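Right, one structure below, let's go through it.
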Amino acid sequence: MLASAPRARTYNENQYSGSLCVASTLTSNSAPSVLLWLSLAVLPARADEAAVLGLLRAGDTTRAVEQARTDVAARPRDVVAHFTLSVALGEARQDDEAIRVLEQVIEDYPELTEPYNNLAVLHARRGAMDLARAALETAVRRNPAHAIAFENLGDVYAALAARSWARSAEIDPARTGALTKLALLRELRAKSATN
C-alpha cells in the first residue's frame with residue numbers, strides 16, 4: 001500500500017499543451033515508488049490561474065486554495081477555474097474535496113482527459129490503485145495521444161504488479177521468481193527517478 005504523503009514534489013513547466021505539470025512521487029514499504037503527473041492543460045494559462053500556480057510554486061497552498069475558491073465564486077461555470085481549484089486542493093492535501101471537484105468537472109465535461117488523469121493521481125496517492133487504473137484507462141481511451149496518462153498508467157500497472165509479487169512472496173517465500181521481478185522493478189524505478 002502506498003504511503004499517504006509524497007516523497008518528492010516538483011513543478012515542471014513543460015510543452016504538453018502549454019501546461020504546468022505537478023509530479024508527485026509516492027512511496028510504500030513493499031512496492032517501488034510511483035511517479036504520477038498532475039497536468040493542468042485544459043486551456044491556455046490566464047492571469048488568475050497563473051496567480052494560483054505561482055502560489056503553489058511558492059509552497060503557499062493555503063493562499064492558493066483561497067485564490068482558486070475566489071476564482072470559482074467569480075466564475076462558477078468556468079471549467080478552468082474548477083480544474084485549477086482541484087489542483088490547489090490536491091496540493092493542499094484536501095483530497096476528498098479535490099476528488100469531488102474533479103468528479104463534477106468530469107460529469108460536466110466528459111470529453112476532457114486531464115481531469116481523469118488528476119483523479120488517478122489522487123486515487124494512487126491513497127493507495128487505491130484499481131481506481132487510479134480505471135481513471136487512466138478512461139483517459140487514454142478518450143485521448144490516445146495523452147502521453148502523461150499513458151506514462152501514469154504504466155506506473156500504476158507497475159505498482160499493481162509489485163503488490164502482487166510482494167503478496168506472492170509473503171505467501172510462499174520459496175517463490176524466488178516473484179522476488180526477482182520485484183527487485184528488478186525496484187531497480188528500474190530507482191534508475192527512472194534519477195533521469
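Throughout, read-outs are computed from the coordinates displayed, never taken from laboratory work. Just so we're clear, the structure is a prediction, and the values are computed from it rather than from any experiment. Cβ sites come from the backbone with ideal geometry, for glycine too, and all protein chains shown count toward neighbours.
Data for the structure
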read-out	value
Full-extension gain in nm, ALA183 to ALA47, via 0.36 nm per residue minus C-alpha separation	44.3 nm
Ordering of 112-120, 144-152 by packing [mean C-beta count within 10 Å, highest first]	112-120, 144-152
Extension reserve of the THR62-GLU107 stretch, reckoned as 0.36 nm per residue once the Cα distance is removed	13.5 nm
